[in-house]
Amino acid sequence: MTASPMIELVRRVPVADDRWLLDEEDMPEAPLHDYALEALVLLLKAWVARTGRDASVHRNIAMRWTPSRPKIGADPDVCVVSPALPTDATSLCLWKPGHTPPSLAIEVVSEGTASKDYLDNPARYAASGTQELWILDPLRVGPSDAGGPFGVQVYQRVASGRFVQVYAGEGPAESALLGAWVHGPRGQLPRITEDEAGARPWLTEAEAQRAQAEAQRAQAEAQRAQAEAQRAQAEADRAAREAAELEIARLREELARLRA
């Protein structure tokens, strides 16, 4: 087949065009926001794999809970659904079989979403049946009229069914769902740790594999060092034994000479 001839198209365009106006909601997220979401997804997927839970981790999935008004809902930055959402599902519709409210939903605050995350999202997640909500504000851009900014906010559903803010501050805060602590350091990626002090951080699967490989290398190095030390000790013992044998032979010769 003969290729069609190509024609170069040159067109003048304006420097500014009203068609390019962006709404506030179209503001791009800061790089830290995106990195934080990636880190949280990896940590939570590693937790699911490590504990063998029937759960799935999602980023920016559409969640809807009112079938008569399917446009009402929330789009969690990150969420954990248990039991796991069916693999063919592209959204979380809570009236469908196999679709359950998130066990955990996480919102990472950015300048364009600060008011919504602080003032509106807690109500949305309360209405959805979500069990636990984290609102993390690494850039501390939350509105002061909401009492903020806070590094970490945690909401939990209590036995009565109410959705209660159980923590708001610089962190760390305890997660009843994970049995762990969430840290929201200013200007840094969020962390999840086994202890409040943060000495035992959760690792992603890749980090855990690297740590295991490093531990294996360190163990192999220690074994090589031990073997080398054993060889050196064996050589020293052999030298000492030979020296002792020579000294005994010399003494025997001296004893024989004296007897003669």
Go through (1) within 26 Å of VAL154 (Cα to Cα); (2) touching a strand residue (DSSP E or B) at 6+ places or on another chain (Cβ under 9 Å); (3) modelled with pLDDT of 80 or more for ALA49 and report which single condition fails.
(2)
Search result, residues across the range 168-180 that are assigned to a loop (DSSP other than H, G, I, E, B), within 16 Å of GLU132 (Cβ to Cβ) and open to solvent by 40 Å² or more (accessible area, probe 1.4 Å):
ALA176, LEU177, GLY179
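Condition check ((1) assigned to a loop (DSSP other than H, G, I, E, B); (2) over 30 Å from SER103 (Cα atoms)) across all residues:
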residue: GLY161; (1), (2): yes, no
residue: VAL166; (1), (2): no, no
residue: VAL182; (1), (2): no, no
residue: ARG186; (1), (2): yes, no
residue: ALA206; (1), (2): no, no
residue: GLU214; (1), (2): no, yes
residue: GLU242; (1), (2): no, yes
residue: GLU247; (1), (2): no, yes
residue: ARG250; (1), (2): no, yes
Surrounded by fewer than 18 Cβ atoms within 10 Å (Cβ to Cβ), within 18 Å of GLN188 (Cα to Cα) and either touching a residue at least 24 places away in the same chain (Cβ under 8 Å) or β-branched (Val, Ile, Thr) (or both) - does that describe any residue in the range 111-120?
yes
Give all pairs with beta carbons closer than 6 Å in which a residue from the range 235-246 that is modelled with pLDDT under 85 meets a residue that is surrounded by 10 or more Cβ atoms within 10 Å (Cβ to Cβ) and part of a helix (DSSP H, G or I); count only pairs at least 6 apart in sequence or on separate chains.
none
Selected residue (criterion: modelled with the highest pLDDT) from residues of the range 107-134 that are assigned to a loop (DSSP other than H, G, I, E, B) and under 14 Å from GLY148 (Cβ atoms):
VAL109
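Within the range 126-137, restricting attention to residues that are of a type outside the set (A, V, I, L, M, F, W, C) and under 22 Å from the mean Cα position of the chain (by Cα), which residue is surrounded by the most Cβ atoms within 10 Å (Cβ to Cβ)?
THR130
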When restricted to ARG140, ARG157, the only residue in contact with a Lys or Arg (Cβ under 7 Å, 6 or more places away or on another chain) and open to solvent by less than 80 Å² (accessible area, probe 1.4 Å) is ARG140
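State yes or no: is GLU205 open to solvent by 20 Å² or more (accessible area, probe 1.4 Å) and either free of Cβ contacts under 8 Å to residues at least 40 places away in the same chain or of a type in the set (S, T, N, Q) (or both)?
Numbers: open to solvent by 20 Å² or more (accessible area, probe 1.4 Å): yes; either free of Cβ contacts under 8 Å to residues at least 40 places away in the same chain or of a type in the set (S, T, N, Q) (or both): no.
Against the criterion (open to solvent by 20 Å² or more (accessible area, probe 1.4 Å) and either free of Cβ contacts under 8 Å to residues at least 40 places away in the same chain or of a type in the set (S, T, N, Q) (or both)), GLU205 does not qualify.
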Please determine, by comparing only the residues of the range 42-81 that are closer than 21 Å to ARG124 by Cα and touching an Asp or Glu at 6+ places or on another chain (Cβ under 6 Å), which one is most open to solvent (accessible area, probe 1.4 Å).
ASN60
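The values are calculated or read from the model by the stated rules, or taken from the named source; none is laboratory data. Keep in mind that this is a model prediction, so the values were computed, not measured. Cβ sites come from the backbone with ideal geometry, for glycine too, and all protein chains shown count toward neighbours. Note: accessible area is taken over every heavy atom of the protein model, side chains too, but ligands, DNA and RNA are not part of it. Shrake-Rupley method; radii C 1.70, N 1.55, O 1.52, S 1.80 Å.
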